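Encoded as structure tokens, the structure appears first; notes follow it.
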Amino acid sequence: MVTRKQQCIENKAADQVRKNIKRFMLAAFGLLLSLFIIFLSIKYSDTIKEWKQYGFLGLFAGCFLTNASIFMPTISIALVVSCAYSLNPFLCGIIGGFGTACGELVGYAFGRSGRAVMGNNRFFNRIETFTGKYAFLSVLLFSFLPIPIFDIVGVACGISRVKVAYFFTPCVIGKVIKMIIIAYFSSKFNISPLESF
């Protein structure tokens, strides 16, 4: 005969198994989505220079797709620079920044799937601790800097269960400011990197 205590323990264990399966499925989906985006980026890299012919919509789509890949260097800055050459640089910065911030939500969602995604290493633990304590400031700082470490910050914020608004808002602010500066200076000095591809 099963006692009430044993039944409660079995229910908790079953709930934990369901949660672990859900986390694994979410992590697997995020990884597959990222690999699919990387595959598309490589396969259609020749057509990326044609995205700018679609104007601001092509810029947004290109920035979103290139930043939705996790831990893969992207060319969103090159897209913004290329579009700023022929379109309004201020609007290119805003739209490109917003598109890249939306793409970073994939890394955040990947991190929400659980700690098992990144494993246990000192470097990541430090970033997770920093982003957990100073979420708004750290996301704003790292999203503004043109360094490829932001994917790790997004995953750390997801693992730390930082609210989406506390991740997305400073991400948009930092990315938009960065892209406006890049678009402005590239148009001022007539830089268009995709023309040379």
> Could you say whether any residue in the range 146-169 is at pLDDT 90 or above and within 12 Å of Val81 (Cα to Cα)?
Replying inline: no
>> Report every pair of residues separated by at least 6 positions or lying on different chains whose Cβ atoms are under 9 Å apart, first residue within the range 87-100 and without any contact (Cβ under 8 Å) to a residue 24 or more places away in the chain, second assigned to a helix (DSSP H, G or I).
In response: Asn88/Phe56; Asn88/Ala183; Asn88/Ser187
> Can you tell me how many residues in the range 131-162 are without any contact (Cβ under 8 Å) to a residue 24 or more places away in the chain and open to solvent by 80 Å² or more (accessible area, probe 1.4 Å)?
Replying inline: 2
>> Here is a check on your reading of the model: is Leu57 at pLDDT 85 or above, of a type in the set (A, V, I, L, M), farther than 30 Å from Gln16 by Cβ and open to solvent by 70 Å² or more (accessible area, probe 1.4 Å)?
In response: yes
> Which of the residues spanning the range 83-117 are at pLDDT below 80 and open to solvent by less than 50 Å² (accessible area, probe 1.4 Å)?
Replying inline: Ser113, Gly114, Val117
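The values are calculated or read from the model by the stated rules, or taken from the named source; none is laboratory data. Because the structure is predicted, anything quoted here is derived from the model rather than measured. Every residue, glycine as well, gets a Cβ built from its backbone with ideal geometry; the counts of neighbours run over all protein chains shown. Side chains included, ligands, DNA and RNA excluded: accessible areas come from the protein's heavy atoms. Shrake-Rupley method; radii C 1.70, N 1.55, O 1.52, S 1.80 Å.
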